[in-house]
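Structure first, commentary second.
The values are calculated or read from the model by the stated rules, or taken from the named source; none is laboratory data. Since we're looking at a predicted model, the values are computed, not measured. Just so you know, the surface numbers come from the protein's heavy atoms only, side chains and all, with ligands and any DNA or RNA stripped out. Shrake-Rupley method; radii C 1.70, N 1.55, O 1.52, S 1.80 Å.
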Amino acid sequence: VIHYQDGNALSDANTKFVVFMMCAPGQPMLTFVDEEELKERAHLRAPRPSTG
């Protein structure tokens, strides 16, 4: 899974993130991707909420 963004949809409250990560034994926890792979997966991104 590529995590694209974070954000706080509430203008009057702080947001805290709790992250739980799992991976296969012997595999790296994180794998960085390059710009080309991000472009190839752009259609999988969730739209950003509109501000209004």
Using the Karplus curve 6.51 cos²θ - 1.76 cosθ + 1.60 with θ = phi - 60°, work out ³J(HN,Hα) for each residue of the range 14-27 in order, rounded to whole Hz, and write x for Gly and Pro.
7, 10, 10, 10, 10, 10, 10, 10, 10, 8, 5, x, x, 9
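Provide THR31, THR15 ordered by accessible surface of protein heavy atoms (probe 1.4 Å), highest first. Show your work: numbers first, answer last.
Working: THR31 110, THR15 60 Å².
The residues order as THR31, THR15, largest area first.
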Estimated vicinal HN-Hα couplings, Hz - the range 28-37 in sequence order (Karplus 6.51, -1.76, 1.60; Gly, Pro = x)
x, 5, 10, 10, 7, 10, 8, 4, 5, 5
